[in-house]
Each structure stands twice: as structure tokens, then as C-alpha cells.
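Take a look at the structure set out below.
The values are calculated or read from the model by the stated rules, or taken from the named source; none is laboratory data. These numbers were taken from a predicted model, which means no experiment stands behind them. Virtual Cβ from ideal backbone geometry, glycine too; neighbours counted across all protein chains shown. Calculation scope for accessible area: heavy atoms of the full protein, side chains included, ligands and nucleic acids excluded. Shrake-Rupley method; radii C 1.70, N 1.55, O 1.52, S 1.80 Å.
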Amino acid sequence: MTSFERVMAAMGGVETDRPPFTLTLSLYGARLIGASPEQYYTSPRLYAEGQDRVAELFGPDILFAPFALAREAEAFGSTVVYHRHGPPNVVKPVVKNAADFMRLADPDPDAHPALLYLRESVRLLADGYKGRVPLAGILTAPVDLPAIIMGIDAWLETLLFEPELASAVLEKTGRHFVAMASRLLGDGADFVAMPVMFFNTALVTSRIAAERIVPALAAAFAQVPGPLVFHHGGNRIAPFLGELAELPGVAGFVIDPRDSFQDARARVGDGRVLLGKLNGPLLGLLTPDDACRVTAEILADRRDDRHFIFASSAADVPWNTPPETISAVADTIRQWQRHGQ
């Protein structure tokens, strides 16, 4: 089977030769080609070159567009800093409150350099892999983007005490999300994935989540002309999958390393893909033997789950992760096929 056939089979619950797998190696491509993050996250050509090396060395069944949420915020006026061995980050909130946020111009997905970088990276990857290896476009969720641009505290205060203004903000970020998701899909992405933090009761009350967050996500997702993957965003997601499973357009969920696959599957049902749950940020701390063991445990747990895609959860696999450890994960999955485990 090709990677595309394998992933599509998992989406449909059809038996595959082995579980499809992917690892969040967006950042790691920069290491593989010897580019600085600033070069890599501003040059679509270098980004595509890095992902070519990822594909060549590790052969994941899904490749990622840039996991660079700060570049989206840059389109709204945020200042971005590039770290030596990490993805770009926003220096500080560009505005201090929701009223000022509403006065920011909506960035043009067809003209702003930061957004064109994301789009051109997708186009270049699609030129090389369309129809062979699925490509995941990456965007900031409309409920999380305000926190990056105005700061978490200001956004939480708006959600809690200014419901009408919060609705206006979510309408604005929803428009941006739909516009960018539609373009990334048109540029060649097979689906769009977004980490979502602000559905979680660790940050917002269950009432706010139910009355404002989930409806805002549903309104935006319903307008996207392609499948979406809901990423746990660093929080446990399994307890909320019953509510989130009703969101339109969502084909799958990336669960947190602390979540139980069994619990997640019971809550989401049999029709959605579950991805995870190798802890990506901690992968560099494992020896190759440990990586093989952890990978085999996850595969054994999902032995009979045809809607499963092995993936790294949480953020990027770190820059300093030994390539031998990454190869150990990939090889274990391929051996699972050969030995019929």
C-alpha cells in the first residue's frame, strides 16, 4: 500500500497492511538540511527541502506543512522571534485587549508574506507528494488565535465578562480560519490540523466551553471544504470527546500522551480516526531500544483499531533528538508489518 492508501484506509476503517504512522517532524527538517529556523521558517523552498529529507530518512505516512503558528499571528501585526533550535514564537501581545484586536485589519491570505509562506510551502510539498503521501496543513484554531495576539489573560477576561465582544472576536478569527483553511486545501493539503487549547476546562469553565467555544468552532468548521483534525493542544482531550465528536468536518483527533486510547475510543465512537500518543517532545530522551518498546506498546494497544494512526502527540519532535531514535520508531512500525504482530 502507498502512504495515501494506508491513511485513507484508516479514515474509512478499512484493514491496512500495517498501521499508518506520522511524527511531527516539521522543525526537524531544518536540522536535517543544516538550515537555521529563521531561514527555514521564512523560505518555502528550504521548508520543502527539509521535509524531503524527513520523507527520505524516516518515511512517515503523513507529512506536515510548517507548524509555525507564530507566523499566522505575524499576519495580524505580531512581532516574531526565531530561536536557535525551535520554531518561531511571538515576542509579546501586539494589542492589550479585545477592543483593540477588533481594530486590527484582517490579513489578506493572498498577499501577506507570512501567510504566503505557509501557502507556498504547501504548494511545493504538494508538487512532490500529492496522491502519494498525505499532507497536513497546520493552522491556529479560531478560539486560540486571540490568545496569541492579545495575550491569554486578556482573552480569558473577554470570554468571561464580555460575551458580545468575545463573539465578535470569534467571528473575526473564524473568518480568517475559514479563508486560510480553504486556501491550504486548494493549495494541495489533504486535511487541516489545528491544536486547540481553549475548549479545555483547565483554561475555561465548562459553561464557557459549551456556550461559546464549541459553537464558535462548529460555525467555522462547517465552512471549511475539507477534513479537519483536532489536536489536543497540550491538554488531555479524552474527557471532552463526547462533545467534540459532534463538530462538523472533524475526521480525527490527536490525543494527549496522558489520555487512554480505550477511553477516547469509547467516547468518540468507531467512525473517527484517533492519532497519537507517542510523546513527541520527550522522544529525544529515549534510547532507540526504549523508543522501540514504547512504540510496540502503543501498537499492541491499538491492534484491533482500524481507525488508528500512530503519531507523536504534543509539540514538535525536538531538534536534538538523535535520528537513530526516530528511525527506531519507524522501523518498529514497519517490522510490525513484516512479523505480522
(message) From the P(r) of region 1-85, could you give the percentage of C-alpha pairs in the tail past 16 Å?
(response) 58
(request) For every helix of n ≥ 4 consecutive DSSP H residues, a contribution of -39,500 (n - 2.57) applies; sum these over the chain, divide by its total residues, and give [θ] at 222 nm rounded to the nearest 500 deg cm²/dmol. (result) -13500 deg cm²/dmol
(request) Run the accessible area of region 3-311 with a 1.4 Å probe and give the carbon-and-sulfur part as a rounded percent. (result) 52
(message) If I take every Cα pair under 8 Å that is 6 or more residues apart in region 13-80, average their sequence separation and divide by the length, what percent do I get for the relative contact order?
(response) 35
(request) Over the alpha-carbon set of region 166-285, work out the extent along each principal axis and list the three values in angstrom, largest first. (result) 38, 37, 31
(request) Would you mind telling me which residue in V204, V169, V143 has the biggest mean-square fluctuation in a Gaussian network model of the chain, where springs connect alpha carbons within a distance under 10 angstrom? (result) V204
(request) Round to the nearest 10 and give me the degree value, 0 to 90, for the angle of helix 3-12's Cα axis relative to the longest principal axis of the chain. (result) 70
(message) Taking the alpha-carbon distance from K130 and a cut-off under 21 Å, which lysines remain once sequence neighbours fewer than 8 residues away in the same chain are dropped?
(response) none
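Placing unit charges on C-beta atoms (Lys and Arg positive, Asp and Glu negative, everything else neutral), compute the dipole magnitude of the chain about its Cα centre in debye, rounded to 20.
Dipole about the Cα centre, nearest 20: 220 debye.
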(request) Let me have the relative contact order for the chain, percent, based on Cα pairs under 8 Å that are six or more residues apart. (result) 19
(request) Report, in degrees rounded to the nearest 10, the 0 to 90 angle that the Cα long axis of helix 44-58 makes with the longest principal axis of the chain. (result) 30
(message) Taking the alpha-carbon distance from K92 and a cut-off under 25 Å, which lysines remain once sequence neighbours fewer than 8 residues away in the same chain are dropped?
(response) K172
(message) I need the fraction of alpha carbon pairs in the chain separated by more than 37 Å, rounded to a whole percent.
(response) 13
(request) Work out Dmax and Rg for region 13-155 from the C-alpha atoms and quote the Rg first, both in angstrom. (result) 16.6, 53
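If you take every DSSP beta bridge whose two residues both sit in the chain, what share of them, in percent to the nearest 5, is antiparallel? Write down the numbers at each step before the final one.
Details: 2 of 26 bridges.
Antiparallel: roughly 10 percent of the beta bridges in the chain.
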(request) With a 1.4 Å probe and every protein chain left in place, work out the accessible area per residue of the chain in Å², rounded to a whole number. (result) 40
